[in-house]
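**Student:** One structure is given below, represented as C-alpha cells, and several questions about it will come after.
The values are calculated or read from the model by the stated rules, or taken from the named source; none is laboratory data. Quick caveat: nothing in here was measured; it's all calculated off a predicted structure. Note: ideal-geometry Cβ built from the backbone for every residue, glycine included; neighbour counts use all protein chains shown.
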Amino acid sequence: MTSSAGTVSLLLADARLPSGGHAHSAGLEPALLGGMSPGSAADFLALRARTTALVDAGTAVAAMHAVLDGAGRDGSELAAVERAWSARTPSRAMRDASRDLGRGLLRLARRIWPAAHGMDLLEELPPRPLVLGVIAAEVGMGAEDLVRLSVYDDLASGVAALLKLDPRDPADGVRLVLDSCASIEQFVASVATIWSPDDIPSLSAPQAEAWAELHAVTQRRLFRG
C-alpha cells in the first residue's frame, strides 16, 4: 500500500522524525551566542525564511524536477543542483549542517523508499534539500507543497531549539512559525516553477553565515548548527 503525498508531507514535517533534526537550531543558537537578543528571534526567523530557507526550498524543487525528468544514471543532473546550492550557501558551517541533516534523512528514506529513482544517485552526505526533492518525486508531492514543507521544517526546528535556549510559552513559538511561514507565501508559486538549477534563488544572509562559522568552532553549544 502506498502512502499519499499528503501523509508523507505530515511525516516529514513531524519533529519526531528520526532524521537528526532535533540536534539543529536552524541558525538560532549561533545567532544568540553571537549576541542577538532573544527578542529579535521573530525578525531572525522571518529573514531566514526569505533567504536561506527559500534557497533550500528552490533546491528541493529543482532536485524533484530533475528526478521527474529522469535524471541520468550518472547523477549529473542532481550533481548540478547540488553545485548550484553550494554556490548559494557560502558558509561551510551551513553546508556541513545541511549535509548532517541530509545524511539522517537519506538513511531514513533508503529504509522506506529503497527503490526510489534518484535515491541511488545521492552521495552519502547530500544536502537536506536534495533528499527532500528525491522523496517528493517518489511520492508525487506537489511542488508548492514541497516549498512549504521545506521552509516549515527549517523554521519549526529553529523554534523548537529556541524554546530550550530561551524558555517561553510554547504557544508563542507556534505563532513565530506561523508568521515566518506566512512571510514567504508570496514567493511559493514562483519557487515551485523552478526546473533549472540556475533559477534557484540567490539570497544571502551574511550575518547569519558569520555567526554559523563562529558557532562551528565553539565548545559552548547545545546544537550542531
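**Student:** Restricted to region 126-142, and to residues that are over 14 Å from Ile194 (Cβ atoms) and among the hydrophobic types (A, V, I, L, M, F, W, C), which residue is surrounded by the most Cβ atoms within 10 Å (Cβ to Cβ)? Let's see the steps before the verdict.
**Tutor:** Of region 126-142, the ones over 14 Å from Ile194 (Cβ atoms) are 126-128, 131, 134-135, 138-141.
Going one step further and asking which of them are among the hydrophobic types (A, V, I, L, M, F, W, C), we end up with 131, 134-135, 139, 141.
On the way: Val131: 28, Val134: 28, Ile135: 30, Val139: 19, Met141: 22.
Filtering region 126-142 for residues that are over 14 Å from Ile194 (Cβ atoms) and among the hydrophobic types (A, V, I, L, M, F, W, C), the one surrounded by the most Cβ atoms within 10 Å (Cβ to Cβ) comes out as Ile135.
**Student:** Limited to region 54-87, what total is found for residues that are within 16 Å of Val151 (Cα to Cα), in contact with a Pro (Cβ under 9 Å, 6 or more places away or on another chain) and not hydroxyl-bearing (Ser, Thr, Tyr)?
**Tutor:** Total satisfying the criteria: 10.
**Student:** Checking the condition touching a residue at least 24 places away in the same chain (Cβ under 8 Å), among the polar types (S, T, N, Q) and not in a loop (DSSP other than H, G, I, E, B), which residue from Ser19, Ser9, Ser3 passes?
**Tutor:** Ser9
**Student:** Here is a follow-up. What about Thr59, is it assigned to a loop (DSSP other than H, G, I, E, B), at pLDDT 95 or above and either among the polar types (S, T, N, Q) or in contact with a Phe, Trp or Tyr (Cβ under 7 Å, 6 or more places away or on another chain) (or both)?
**Tutor:** no
**Student:** Let me ask another. So, of the residues in region 22-56 that are hydrophobic (A, V, I, L, M, F, W, C), within 12 Å of the chain's Cα centre (by Cα) and in a helix (DSSP H, G or I), which turns out to be surrounded by the most Cβ atoms within 10 Å (Cβ to Cβ)?
**Tutor:** By that ranking, first place goes to Ala53.
**Student:** Right, something else. For region 178-210, give me each residue that is out of contact with any Ser or Thr (no Cβ under 9 Å at 6 or more places or on another chain), within 15 Å of Gly158 (Cα to Cα) and surrounded by 19 or more Cβ atoms within 10 Å (Cβ to Cβ).
**Tutor:** Scanning region 178-210 gives Ser180, Cys181.
**Student:** Is there any pair with a first residue in region 104-127 that is more than 13 Å from Glu82 (Cα to Cα) and in a helix (DSSP H, G or I) and a second that is among the charged types (D, E, K, R) and at pLDDT 85 or above whose Cβ atoms are under 7 Å apart and which are 6 or more apart or on different chains, and what are they?
**Tutor:** Note: pairs meeting the criteria are Leu105/Arg128; Met119/Arg110.
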